Amino acid sequence: MELQRKHILFTAIVALALIAAFVKLFTQRAKASPGESPELRTVAVALVQRGPISNSLTLSGEFRPYQEVDVHAKVAGYIRRIYVDVGDKVKVGQILSDLEVPELNAQLKGAEAAIQRDRDAILRAQSDVERANSSHTAYHAAYARLKQASEARPGLIAEQELDDSLAKDKESEAQLGSSRAALSEANSQLAIAEAERNRLGALEAYSRITAPFAGVVTKRYADVGSLIQAGTSSNTQSMPVVQLAEWTRLRLVLPVPESAVPQLHLGSRVDVRVPTLSRTFQGRVARFADSLNQETRTMHTEIDVDNPDDKLMGGMYAETTIILARKETALTLPVQAIQRNGSSVNVLAIDAQNRVREHPITLGMESSDRVEVLSGLSDQDRVVVGNRSDLRTGDRVQPKVIEQAPNAEAAL
């Protein structure tokens, strides 16, 4: 009997609990508004907005010096002094090294002696011209007087004497012409000697190796006493003295894909981010090859980047964002809101009654995080972002506008 009473009491308690649960559920449904679901699903939505959008291309490339050369000697000789080493910054025209060229020094002294000899020859030739000119003047005057006297009194002057005077006049005239030719030849010899002296002087100037542009020494090949061959010799492998690179400005070499080539423009400003420095520099599209590499289908493109504080170095990698196209006031939405189905694109929009509606749209320009809407939506429309697999057209939801990150395109 005791067991039967316990069983009846337990059954009564369970029945009372079930009745209480049903009463509570009925009360909650009675309080709900007619036609409204007591619990609406919350979905994340974003607003369709107007703003800037750009089509950009991000590429990685390697920095190279704007100019880089191996500095050779124009003449062969021994290094007497070298004034720079690796890492030294030099100015344009600064002397990098002096060469000792004994043979050239001797030739230069010989050229100076030849010039002095030719100058002395000119002085002698000038004296000969003056002497010949004086003799010719005297003989010509004597012949003129004899001829005048013979014409005034025929027979007074013998014909033989008159002929002898004429012959001396002609001879002195020829001697004057010869002296003048000798003077001209002496002047020519002086000009030749001076030209040779200038040539040797130019070669002697090349014994001072100077910097062709301002930059930094990146390699040093020779030391004091090293024999350097002339850089113009084709029969020997001449050793350079130093390697010089220009670092105030660098070239960033990029392989631009074929699809982006038509939209690439000279002078376009680009952002260059260097991960190792965690910095972004401003660059400019300076030059491109205007032809595609047949193997990679890319075009060699160079970006000029200033390096005012010498933080950039050759060989560094950088990421470059090139703006191919840009619109300032385009109707855009987040890329997470669109769904592609073959060639068609649609979004789930929330209408004024908070019901889900499917809208086919036409897209325009696309960036990394937003797309342009050409048709199908209006400004301030609400579109579903994120997971949409459980949503159906006509479902009533509780929309929650998510905070969108600042438009990265506005800063470009």
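A193 meets each of the listed conditions (1) modelled with pLDDT of 85 or more; (2) of a type in the set (A, V, I, L, M, F, W, C); (3) closer than 19 Å to R81 by Cβ apart from (3).
Within the range 60-75, if we keep just the residues that are touching a Ser or Thr at 6+ places or on another chain (Cβ under 7 Å) and buried (at least 20 other Cβ atoms within 10 Å of the Cβ), the residue that is farthest from G314 (Cα to Cα) turns out to be V75.
Take the range 177-221 and flag every residue that is within 30 Å of G314 (Cβ to Cβ), surrounded by fewer than 17 Cβ atoms within 10 Å (Cβ to Cβ) and of a type in the set (A, V, I, L, M, F, W, C). Scanning the range 177-221 gives F213, A214. Of the strands (runs of 3 or more DSSP E) lying entirely inside the range 300-412, those containing at least 2 residues that are in contact (Cβ under 8 Å) with a residue 40 or more places away in the chain, over 30 Å from T42 (Cβ atoms) and aliphatic (A, V, I, L, M) are 317-334.
I need the full set of residues from the range 65-102 which are under 13 Å from E204 (Cα atoms) and part of a loop (DSSP other than H, G, I, E, B), in order please. Correct list: A73, K74, V75, A76, V101.
Look at the range 115-137: where a residue is in contact (Cβ under 8 Å) with a residue 12 or more places away in the chain, no partner that is outside any helix (DSSP H, G or I) sits 6+ places away or on another chain with Cβ atoms under 8 Å. Within the bounds of the range 122-136, is there any residue that is charged (D, E, K, R), farther than 23 Å from E204 by Cβ, in contact with a helix residue (DSSP H, G or I) (Cβ under 6 Å, 6 or more places away or on another chain) and at pLDDT below 90? Yes: one or more hits. Screening the candidates F288, F281 for the property of being aromatic (F, W, Y), under 26 Å from E68 (Cα atoms) and modelled with pLDDT of 90 or more yields one hit, F281. The test for being closer than 30 Å to Y317 by Cβ and of a type outside the set (D, E) does not hold for V129.
Yes or no, residue by residue, for (1) polar (S, T, N, Q); (2) buried (at least 17 other Cβ atoms within 10 Å of the Cβ):
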{"residue": "R326", "(1), (2)": "no, no"}
{"residue": "P334", "(1), (2)": "no, yes"}
{"residue": "I338", "(1), (2)": "no, yes"}
{"residue": "N346", "(1), (2)": "yes, no"}
{"residue": "R355", "(1), (2)": "no, no"}
{"residue": "H359", "(1), (2)": "no, no"}
{"residue": "V373", "(1), (2)": "no, yes"}
{"residue": "V383", "(1), (2)": "no, yes"}
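Residue count for the range 76-128 satisfying the condition of being assigned by TED's automatic domain parsing to the domain that holds Q189, among the hydroxyl-bearing types (S, T, Y) and within 46 Å of the chain's Cα centre (by Cα): 0.
Listed here are the strands (runs of 3 or more DSSP E) enclosed by the range 207-268 that have at least 1 residues being under 18 Å from the mean Cα position of the chain (by Cα), at pLDDT below 90 and assigned by TED's automatic domain parsing to the domain that holds N307: 249-257. Note on the range 183-206: residues that are in a helix (DSSP H, G or I), farther than 29 Å from D128 by Cα and of a type outside the set (A, V, I, L, M) amount to 4.
The values are calculated or read from the model by the stated rules, or taken from the named source; none is laboratory data. It should be emphasised that the depicted structure is a prediction, and the values quoted were computed from it without experimental measurement. Counting neighbours? That spans all protein chains shown, and the Cβs are built from the backbone with ideal geometry, glycine included.
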